[in-house]
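Report on one structure; see the data block that follows.
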Protein chains: 2
Amino acid sequence: MSEDAEVARERVIESLEQSAEVYGLSRSAGRIYGVLYFATDPLSIPELVERTGYAKSTVSNVTRTLTRVGLIRRRSSDGGGRRVRFTAEREVWFIVQDVFQQYVYRELQTTHREIRRAERGLGDAGGADDAGGVEAERIRELRETYADLREIVELVSDLSAAELRDALESYER
Amino acid sequence: MSEDAEVARERVIESLEQSAEVYGLSRSAGRIYGVLYFATDPLSIPELVERTGYAKSTVSNVTRTLTRVGLIRRRSSDGGGRRVRFTAEREVWFIVQDVFQQYVYRELQTTHREIRRAERGLGDAGGADDAGGVEAERIRELRETYADLREIVELVSDLSAAELRDALESYER
DNA sequence: TGATTCGTTCGGCTTGAACCGAACAGAGCG
DNA sequence: CGCTCTGTTCGGTTCAAGCCGAACGAATCA
């Protein structure tokens, strides 16, 4: 690797470290992902230890987290004995979709359900009269909002990045 | 407020507390937003202290954060003496847009710039020969991805929730 | 002008996250 | 069977965040 390439690589990885922090991951996660992003072959934990400088235990924990989130993949299958090897998911859009699916959608769903539950325990008693029902109105508002957001997220995570961009660009108000 | 309404309100507020945590805010932020969400009038800090049970200093700090993020609004202007009063932004879509604009877009922009900078320090020397340029290729890939994401976020934050939903639903692949 | 009320700021406590080193369990190899 | 290498787990340390109470400056009111 040329000197320039090494410098550039390091800059990008530092950027990724920072991004990781913004999105609620640790710096180590950003660096490990970055190293894997540039690696031409899958890397094992000892290799990651050597290239990142982090302790083995840290690498073990962080790779587990990154795998769960979907940023990296674990190839324990193919040859090389006992070694577990990791590769980066480089299709960033997949990662974004995963996050939306796993976290955002899930959160929206949970909250939406909770709101409907609260609303139900209200509608039965209150019934027809809408007096004193500021709460009921506010809860209804919130429920509708969450339903909207849920649907939007659902639709978005069904499209590729290019499709989404296309859908947005071609939309005429 | 009826007994039922009180219970329902509390349930929803607890949900918001939890949501706040998911999105990287504190529980106190969720509760304070929730109390303001249901309040019919703007509330001052002492009133929030009374209704949330948090210390005055906590309320002061949290309200500042919430104001900065755009989840609540500060009305120091109109009458009522020195009191600062807060109202919740109940149009959740505005909040989402703000977050995208303030945090996501900003992060994408910063990283994108950093990547282009790294790429520039590379292209000049490497030039035409693409040998040994795995790094260059990877960086180019990443730059394009970030450009795409940036544009998507930009387009999204220009639409209302209804428009976005419409755009997605009416899109034919 | 005191006295009170309001909002901010400061120092301290507690808790949880990030990271480390060491100990451990299993698989392959001599 | 030892020995080595791998990956996980466990305790410990450090540091930042959340929250509190107290102190403070500014404004209002008696």
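Annotations
- Yes/no for B:ASP4 being within 14 Å of chain A (Cβ to nearest Cβ), touching a strand residue (DSSP E or B) at 6+ places or on another chain (Cβ under 9 Å), closer than 25 Å to A:TYR146 by Cα and of a type in the set (D, E, K, R): no
- Qualifying positions in the stretch B:1-22 - within 11 Å of DNA strand D (Cβ to nearest atom) and either over 21 Å from A:TYR105 (Cα atoms) or not charged (D, E, K, R) (or both): B:ALA20
- Note on the stretch A:42-61: residues that are within 8 Å of DNA strand C (Cβ to nearest atom) and open to solvent by less than 20 Å² (accessible area, probe 1.4 Å) total 1.
- Search result, residues across the stretch B:8-49 that are within 12 Å of chain A (Cβ to nearest Cβ), not hydroxyl-bearing (Ser, Thr, Tyr) and not in a helix (DSSP H, G or I): B:GLY24, B:LEU25, B:ALA39, B:ASP41
- In the stretch A:31-66, the residues that are free of Cβ contacts under 8 Å to residues at least 12 places away in the same chain and under 20 Å from the mean Cα position of the chain (by Cα): A:ASN61, A:ARG64
- Exclusive hit being out of contact with any Cys (no Cβ under 7 Å at 6 or more places or on another chain), at negative phi, assigned to a loop (DSSP other than H, G, I, E, B) and within 8 Å of DNA strand C (Cβ to nearest atom), set B:ARG83, B:ARG64: B:ARG83
- Test set (1) within 11 Å of DNA strand C (Cβ to nearest atom); (2) in contact (Cβ under 8 Å) with a residue 24 or more places away in the chain - A:VAL69 fails condition number: (1)
- The set of residues in the stretch A:152-173 that are closer than 24 Å to A:GLU91 by Cα and charged (D, E, K, R) comprises A:GLU154, A:ASP158, A:GLU163, A:ARG165, A:ASP166, A:GLU169.
The values are calculated or read from the model by the stated rules, or taken from the named source; none is laboratory data. Quick caveat: nothing in here was measured; it's all calculated off a predicted structure. Every residue, glycine among them, receives a Cβ derived from its backbone with ideal geometry; neighbour counts consider all protein chains shown. The protein model used for the area step is the full one, side chains on, heavy atoms only, and it has no ligands, DNA or RNA in it. Shrake-Rupley method; radii C 1.70, N 1.55, O 1.52, S 1.80 Å.
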